[in-house]
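Colleague: Below is a structure I'd like to ask you about.
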Amino acid sequence: QVQLVESGGGLVQAGGSLRLSCAASGSIFSINLMGWYRRAPGKQRDVVAISANDGSTNYATSVKGRFTISRDNAKNTVYLQMNSLNADDTAVYYCRAWALTFDSWGQGTQVTISS
């Protein structure tokens, strides 16, 4: 199993930046994909960005050009750099790590954008 712990959420003004971190522990060698998801108030949880072991990344249309997902394999950590934040980015952000044999989620970290 893989355990995930997110950090870096908080309150930031519109136009500002935040960087989320997600530290993985446990059977990290088995991870195939890591990603960030978010659940805005009153909405379902949606994908934000995904990073695969081959280095490829994918982003939701709404965050392309503003958010960057990256992985530091030496630290077993995945990051989400968020720039040009706006009110629509307010949500609880979740880290996810998965492969064929497991699917692990972090506890979530709140990101609030003030106008």
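The values are calculated or read from the model by the stated rules, or taken from the named source; none is laboratory data. Source: prediction; values computed, not measured. Glycine gets a Cβ as well: all are built from the backbone with ideal geometry, and neighbour counts include every protein chain shown. With ligands, DNA and RNA removed, areas are computed over all heavy atoms of the protein, side chains included. Shrake-Rupley method; radii C 1.70, N 1.55, O 1.52, S 1.80 Å.
Colleague: Just the residues that are over 14 Å from the mean Cα position of the chain (by Cα) and among the charged types (D, E, K, R), please, taken from region 55-81.
Modeller: Lys75, the sole residue that qualifies.
Colleague: For region 93-113, give me the residue count where each residue is open to solvent by 40 Å² or more (accessible area, probe 1.4 Å) and farther than 12 Å from Leu4 by Cα.
Modeller: 4
Colleague: Being open to solvent by 60 Å² or more (accessible area, probe 1.4 Å) and within 18 Å of Thr109 (Cβ to Cβ): is that true of Lys64 here? Full working, then the answer.
Modeller: Details: open to solvent by 60 Å² or more (accessible area, probe 1.4 Å): yes; within 18 Å of Thr109 (Cβ to Cβ): no.
So Lys64 does not fit the description; no.
Yes/no matrix, rows are residues, columns are (1) assigned to a strand (DSSP E or B); (2) farther than 22 Å from Ala14 by Cβ:
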position: Pro41; (1), (2): no, no
position: Gly55; (1), (2): no, yes
position: Tyr79; (1), (2): yes, no
position: Trp98; (1), (2): yes, yes
position: Thr112; (1), (2): yes, no
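Colleague: So, in region 1-50, of the ones that are without any contact (Cβ under 8 Å) to a residue 24 or more places away in the chain and of a type in the set (A, V, I, L, M, F, W, C), which residue ends up least open to solvent (accessible area, probe 1.4 Å)?
Modeller: Among those residues, the one meeting the criterion is Ile50.
Colleague: Test Arg71 against the stated conditions and say whether it is charged (D, E, K, R) and within 23 Å of Ser115 (Cα to Cα). Reasoning before the result, please.
Modeller: Numbers: charged (D, E, K, R): yes; within 23 Å of Ser115 (Cα to Cα): no.
No.
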